[in-house]
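Peer 1: What follows is a single structure, and I will ask about it in a moment.
The values are calculated or read from the model by the stated rules, or taken from the named source; none is laboratory data. Quick caveat, the model's predicted, so the values are computed rather than measured. Backbone-built Cβ (ideal geometry, glycine too); neighbour counts: all protein chains shown.
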Amino acid sequence: MSSYEAYKERLLKMKPNIYVGGEKIGRNDPRVEAGMNMIRVSYDAETDPQFKDKAIVKSSLTGKNISLYTHVPQNTEDLLKRQKLTRDLCGLCGGCFQRCMANDTISGISIATKEMDDDLGTEYHQRFFNYLKYYQKNNLCGNAGQTDIKGDRSKRPHEQVDPDLYLRVVEKRKDGIVVCGSKAHNTIAPYADEIIVVPTRAMTKDDADWAVSFAIPSDAEGISLIARASQPRARTHIKAPFNERGVMDSLTVFDNVFVPWERVFMCGEWQYAGRLALLFANYHRFSYCGCKPAMTDVFIGATAMVAEYNGVGNAPHIKDDLAKLMVTAELVYAAGIAAAVTGKKSSSGTFEPNFMYSNAGRYHAGVNIFHEYDILSATAGGWPATMPYEEDFYNKDIKGFLDKYSMRKPGISAEDQHRLFRFISDFSCSAWSGVWQYAGVHGGGSPIMEMIGIRSNYDLKAKKDLVKHLAGIKD
Ligand SMILES: Cc1cc2nc3c(=O)[nH]c(=O)nc-3n(C[C@H](O)[C@H](O)[C@H](O)COP(=O)(O)OP(=O)(O)OC[C@H]3O[C@@H](n4cnc5c(N)ncnc54)[C@H](O)[C@@H]3O)c2cc1C
């Protein structure tokens, strides 16, 4: 049985706890399957000669061959493999292949648990590694449950009118903890084996009940996944790989959910909530430095092709716009390479990307996202927005008209013209593309978060000292 078949079999055994558009559905629903098809890309890479040298690595815990996406990076090479494979696989999907998120979460937990144990005498690290061995052995697919609802953003968790607006521990028992609250925007949760929870933010002593991290099967008692499903429009005649995959994001509600101690990785250690939140964010922003260039690759290809099909491929302004896209893709990618090369080993042995570069890369990607849509839509003209329905291109009464009047550059068939414009419409002018515009801004943390991260870790004094030296100013 392939890794993907094993994953699918596990999911189909889960209890239905997904709510979509007024229905309660199981994992055999086509909307969930579309998400599973996206995850499949990372499982199939393990046996694909083109990718398997990156997709399969040796576990630092057991020495056995495991999926890269269950591995915690040990060195620069591991991080570079991740960045390259993520760009390749996201390119294949024409979007987010989604498997990086849990990897970012487990990498962060592996570091924070060691630091907590060293400083506070807790026993989380070995416990987490025991869980990680199970995760690796079974090649599980996890999500990242970080973002809390947060209520009034100006208030800390303990200051909210409703304490459940941040996920919290409501009871500590001999055998585990009980948690209440929810996590928002949880990509993959409906088709993940496990929900992996980390804190959203730094906390104070009064927020100790909200400082919690754990992993739990996504159909555990008390979990409701209230989800949205997004997919490029279904095709009736011109089938295309882009349209076969989808995504679901859920509001994951934890209604008094019991978590056994062996799956709890932080419980009350408020001093480390911010550290773990930022560790996850750092890895996830590093991942963006691989996936966003893949999205930009698609923008570049689509812009170049549509200009060519329109007969204006050599127009100077189009070439300039293409160069702008190339600069964005490669700068973001280069930030990821820099983050990998100048990363550092943590006390746990896990290798951490350089925070400055991963944040700078993610920021640059986030603030450019709408510009990329701008360039593609400006080049494509209005047809992706107004082109008739796919079925009309196959209605014998009007097919001739549509074939004739969608023609552009001679020598390119009516079907290829149709295919390209319909792809651009799905990719950039649809409900699906709207989701990815927001994801491009906010996924991994809104650009303001990267600005705050960079500002607060930057050595500004060194720059002022430099200018003092140049200007001959003595303190
Ligand atoms: C498509 C998509 C997929 C996602 N997938 C996941 C996922 O799988 N797992 C996960 O955990 N998260 C996920 N996220 C969540 C993402 O990380 C958040 O959207 C992001 O961190 C912003 O949080 P928010 O949406 O609550 O917005 P808000 O926190 O409301 O932020 C919106 C704006 O409000 C302002 N603001 C917020 N707080 C403050 C403050 N304290 N002071 C001043 N100004 C403030 C800023 O200008 C900010 O840009 C996803 C998001 C999207 C859009």
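Conditions (1) among the small types (Gly, Ala, Ser); (2) assigned to a strand (DSSP E or B); (3) over 17 Å from the mean Cα position of the chain (by Cα); (4) over 22 Å from GLU23 (Cα atoms), marked per residue:
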{"residue": "VAL161", "(1), (2), (3), (4)": "no, no, yes, yes"}
{"residue": "ASP164", "(1), (2), (3), (4)": "no, no, yes, yes"}
{"residue": "VAL169", "(1), (2), (3), (4)": "no, yes, yes, yes"}
{"residue": "ILE177", "(1), (2), (3), (4)": "no, yes, yes, yes"}
{"residue": "CYS180", "(1), (2), (3), (4)": "no, yes, yes, yes"}
{"residue": "LYS183", "(1), (2), (3), (4)": "no, yes, no, no"}
{"residue": "ASN186", "(1), (2), (3), (4)": "no, yes, no, no"}
{"residue": "PRO190", "(1), (2), (3), (4)": "no, no, no, no"}
{"residue": "ILE196", "(1), (2), (3), (4)": "no, yes, no, yes"}
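Peer 1: Going through LYS150, LYS183 one at a time, which residue ends up being free of Cβ contacts under 8 Å to residues at least 60 places away in the same chain and among the charged types (D, E, K, R)?
Peer 2: Just a single option satisfies the conditions, and that option is LYS150.
Peer 1: Could you list, in sequence order, the residues of the range 228-246 that are hydrophobic (A, V, I, L, M, F, W, C) and either buried (at least 23 other Cβ atoms within 10 Å of the Cβ) or not in a strand (DSSP E or B) (or both)?
Peer 2: ALA234, ILE238, ALA240, PHE242
Peer 1: Mind checking which strands (runs of 3 or more DSSP E) fall wholly inside the range 1-111 and carry at least 2 residues that are more than 25 Å from CYS291 (Cα to Cα), in contact with a helix residue (DSSP H, G or I) (Cβ under 8 Å, 6 or more places away or on another chain) and among the β-branched types (Val, Ile, Thr)?
Peer 2: 18-20
Peer 1: Is it the case, given these coordinates, that GLY444 is modelled with pLDDT under 95 and not in a helix (DSSP H, G or I)?
Peer 2: yes
Conditions (1) within 15 Å of the ligand (Cβ to nearest atom); (2) modelled with pLDDT under 95; (3) under 25 Å from GLN136 (Cα atoms), marked per residue:
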| position | (1), (2), (3) |
| --- | --- |
| LYS150 | yes, no, no |
| ARG153 | yes, no, no |
| GLN160 | yes, no, no |
| LYS172 | no, no, no |
| PRO190 | yes, no, yes |
| GLU194 | yes, no, yes |
| ASP206 | no, no, no |
| GLU221 | no, no, yes |
| ALA229 | yes, no, no |
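Peer 1: Quick check: anything in the range 455-475 within 16 Å of the ligand (Cβ to nearest atom) and in a helix (DSSP H, G or I)?
Peer 2: The answer is yes, given that some residue of the range 455-475 is within 16 Å of the ligand (Cβ to nearest atom) and in a helix (DSSP H, G or I).
Peer 1: Can you list residue pairs whose Cβ atoms sit under 7 Å apart, with the first residue in the range 429-447 being without any contact (Cβ under 8 Å) to a residue 40 or more places away in the chain and buried (at least 18 other Cβ atoms within 10 Å of the Cβ) and the second being aliphatic (A, V, I, L, M) and not in a helix (DSSP H, G or I)? Count only pairs 6 or more apart in sequence or on different chains.
Peer 2: Within 7 Å, no pair qualifies.
Peer 1: In the range 325-340, which residue that is surrounded by fewer than 17 Cβ atoms within 10 Å (Cβ to Cβ) and either of a type in the set (D, E, K, R) or in contact with a Phe, Trp or Tyr (Cβ under 9 Å, 6 or more places away or on another chain) (or both) is nearest to SER377 (Cα to Cα)?
Peer 2: Of everything passing the filter in the range 325-340, GLU330 is nearest to SER377 (Cα to Cα).
Peer 1: A follow-up question, please. What residue, among those in the range 428-475 that are over 29 Å from ALA281 (Cα atoms) and among the hydrophobic types (A, V, I, L, M, F, W, C), is nearest to the chain's Cα centre (by Cα)?
Peer 2: Only one residue fits best here, namely CYS429.
Peer 1: Residue by residue through the range 112-144, note down the ones that are part of a helix (DSSP H, G or I) and more than 26 Å from ASN186 (Cα to Cα).
Peer 2: Hits for the range 112-144 are LYS114, GLU115, MET116, ASP117, ASP118, ASP119, LEU120, GLN126.
Peer 1: While we're on this one: For the range 20-37, give me each residue that is closer than 23 Å to ALA220 by Cβ and either modelled with pLDDT under 95 or of a type outside the set (Asp, Glu) (or both).
Peer 2: VAL20, LYS24, ILE25, GLY26, ARG27, ASN28, ARG31, VAL32, GLY35, MET36
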